[in-house]
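The values are calculated or read from the model by the stated rules, or taken from the named source; none is laboratory data. On a predicted model such as this, the values are computed, not experimentally measured, just so you know. Neighbour counts are summed over all protein chains in view; Cβ atoms, including those assigned to glycine, are modelled from backbone coordinates with ideal geometry.
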Amino acid sequence: MKNKHTQLVAGTLLALMMVLGMTQIFVSGKQKESDAAAPPAADPSRGLEGVWRTTVTQRNCQTGGVIRTAQGIVAYHEGGTMSETSNALGPAFRSPGYGVWEKIGPSTYTASFIFQRYNPDGAFAGTQVITSTIEVGGGRNGDPNTYETTTSIQIYDVNNNLLGTGCATATATRFE
């Protein structure tokens, strides 16, 4: 039974990777040669919208000391929704994250997202909610292609009872 389940999951992932790979080939083939010569200039009017590569640093909330770091990808969609993924737990232990964001100042935003957590046996373990304040261009000469965050973490069990909290910071670079 376990072997059949593993084969089904592996087959599904392989098919998905093939579809995504073919889509990327099709889309990248449509790029004009003049576009390939130089990346587009940053458009500050885009604000937070777009895809970002993140480096998240989980911290001790009392001392600010580094606990660990992880890499992620976040997409802020037009209209205030977002999606993300991270290598912090590994794909077997968490789902992608889905959430919302809004502008609260000239270069300041808030964002919150949720993802599902799983035990090593694949059983649902609960959720995790991440809430961030984001400063686009923060600390980096106002570069609209970077941001910094201050983040709070809430971990919930399967009955939505709070199990624990945490703190993090992040830096990000726009993916273009």
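Brief remarks follow.
- Considering only residues in segment 38-54 that are aliphatic (A, V, I, L, M) and not in a strand (DSSP E or B), the one that is modelled with the lowest pLDDT turns out to be A38.
- One residue stands out in segment 133-159 among those that are charged (D, E, K, R) and part of a strand (DSSP E or B): the one that is farthest from L48 (Cα to Cα), namely E148.
- Matching strands (runs of 3 or more DSSP E) fully within segment 55-132 where at least 3 residues are over 12 Å from the mean Cα position of the chain (by Cα) and of a type outside the set (G, A, S): 66-77, 97-103, 108-118
- Contact map, segment 132-151: residues that are under 17 Å from Q58 (Cα atoms) paired with residues that are modelled with pLDDT under 90, Cβ distance under 8 Å, separation 6+ or inter-chain. Pairs shown: Y147/G138; E148/G138; E148/G139; E148/R140.
- Qualifying positions in segment 129-168 - out of contact with any strand residue (DSSP E or B) (no Cβ under 7 Å at 6 or more places or on another chain) and surrounded by 15 or more Cβ atoms within 10 Å (Cβ to Cβ): D143
- Residue match in segment 69-80 (condition: of a type in the set (G, A, S) and on the phi > 0 side of the Ramachandran plot): yes
- Residue list for segment 82-115, restricted to those being polar (S, T, N, Q) and either touching a Cys at 6+ places or on another chain (Cβ under 8 Å) or surrounded by 14 or more Cβ atoms within 10 Å (Cβ to Cβ) (or both): S83, T85, S86, S95, S107, T108, T110, S112
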